[in-house]
């Protein structure tokens with residue numbers, strides 16, 4: 001498929017050829033992506049004077065044409081000017097169009113009472129929807145909601161732990177602040193004890209104190225405590241008895257449905273069939289670390305079609321090794337027919353995660369592809385400029 005007018009305009013923007021970009025984007029008519037990009041050019045003064053009114057007008061048109069990003073941008077623009085009710089309306093429109101960031105902002109506005117009466121129930125509903133849609137910032141917001149509005153330090157700890165794992169630096173400080181509040185809860189509160197044990201052992205370097213608390217929760221059958229204590233025991237090099245007990249605890253947690261317990265059993269298993277059993281459970285529970293491990297083990301068993309599916313799942317999750325493996329498998333026809341478009345897509349997608357490992361391989365296959373196939377791969381990878389460079393380079 002040839003590049004559309006919008007894509008040619010986007011390509012011109014990436015080349016910083018703004019006059020040509022506007023010409024192409026304007027010729028795209030009612031393509032909401034083109035209208036949005038025209039608004040961004042006006043707002044940033046790229047190739048033309050900065051024009052905030054024009055930017056907002058174009059964003060409104062793009063949103064009316066179905067652009068979730070435009071609706072979100074309008075919500076942010078009005079919020080910056082403290083026009084909160086108007087902002088909330090645009091965020092709602094963005095949420096209706098599938099923008100997870102808009103869901104999060106609606107939750108924040110309900111939590112803080114901006115543009116709407118404060119309502120922590122509605123705040124939680126929208127923040128949970130945002131987190132389920134993949135917005136990592138929502139984890140921290142949920143932690144804040146439970147810590148300071150719901151006064152529920154256990155749930156706050158759960159969300160701050162998730163936020164910390166997702167890379168939120170402020171979550172670490174919040175976890176430290178929760179420690180005295182968790183200590184004040186009744187001694188018989190299993191979840192509070194487990195959260196406190198995890199924070200102490202894994203985040204505040206109080207390993208022995210954390211392990212002591214986790215031991216009590218393990219005896220009460222808490223799967224998260226079982227898995228967490230197993231991590232501590234498994235890391236104690238030179239203590240085979242502890243490692244043996246760690247595997248028992250991983251299994252107990254996994255049998256209770258804990259994905260990370262299953263993952264660790266799968267990694268440790270020497271029998272490939274047992275490894276696949278546990279790794280598949282972990283993968284189906286959404287443990288991203290399991291995707292490449294499961295695909296590798298399935299490949300050992302010549303279950304190539306399923307292996308390719310898990311490599312692709314990992315690639316979609318941003319896993320570099322999975323991207324490279326998926327590209328090579330599509331190139332060579334493992335797990336399905338040869339598909340050079342998908343192969344090039346994943347080689348180029350490595351650029352999105354800061355890796356140039358696929359470029360050399362990409363150059364090897366473009367001679368077998370048409371210009372349209374190369375551009376299609378670039379479109380799928382979000383790397384239209386890189387794809388066009390390959391088109392031009394093979395002609396020289």
Percentage of Cα-Cα pair distances in the range 200-285 greater than 22 Å, rounded to whole percent?
24 percent
Per residue, how big is the convex hull around the C-alpha atoms of the range 331-374? Give it to me in cubic angstrom, could you?
74 Å³
Provide, for q = 0.15, 0.18 Å⁻¹, the log10 of I(q)/I(0) from a solvent-free Debye sum over equal Cα point scatterers in the range 268-367.
-0.57, -0.78
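Which order, highest average first, do 101-113, 255-267 follow once you tally other Cβ atoms within 10 Å for each residue and take the mean per peptide?
Details: 101-113: 23.2, 255-267: 21.4.
Top of the packing list down: 101-113, 255-267.
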Beyond 18 Å, how much of the Cα-Cα pair distribution for the range 323-396 remains, as a whole percent?
27 percent
Note the full-extension length gain between residue 256 and residue 169 as 0.36 nm times their separation in residues minus their Cα-Cα distance, in nm to one decimal.
28.2 nm
Would you compute, for the Cα atoms of the range 1-103, the largest minus smallest coordinate along each principal axis and list the three values in descending order, in whole Å?
39, 33, 19
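If each DSSP helix of 4+ residues adds -39,500 (n - 2.57) and the sum is divided by the residues in the chain, what number results at 222 nm, nearest 500 deg cm²/dmol? Let's see the in-between values first.
Working: 24 runs with 286 residues, N = 396.
Value at 222 nm, helices only, nearest 500: -22500 deg cm²/dmol.
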Hey, for a label at residue 151 modelled as a point 7 Å past Cα toward Cβ, could you say which residues of the range 103-121 have their backbone N under 20 Å away?
111-113, 118-121
Tell me the Rg and the Dmax, in Å, that the Cα atoms of the range 75-209 produce.
16.3, 53
Dimensions in Å of the chain - Rg and Dmax from alpha carbons
25.2, 74
Ordered by fewest other Cβ atoms within 10 Å, a rough proxy for footprinting exposure, 273, 375, 203, 363 read 273, 363, 203, 375
If we sort 159-171, 216-228 on the protection proxy, mean other Cβ atoms within 10 Å, highest first, what's the order?
216-228, 159-171
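For the chain, what does the relative contact order come out to in percent, with C-alpha contacts under 8 Å and a separation of six or more? The partial results should precede the final answer.
Values: 614 pairs, mean separation 26.4, N = 396.
Relative contact order, the chain: 7 percent.
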May I ask for the equivalent-ellipsoid semi-axes of the range 270-326, computed as the square root of five times each C-alpha gyration tensor eigenvalue and listed largest first in whole Å?
17, 13, 8
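A short reminder: the numbers here are calculations on the coordinates, not readings from a lab. Please read all numbers here as calculations on a predicted model, not as lab measurements. Glycine gets a Cβ as well: all are built from the backbone with ideal geometry, and neighbour counts include every protein chain shown.
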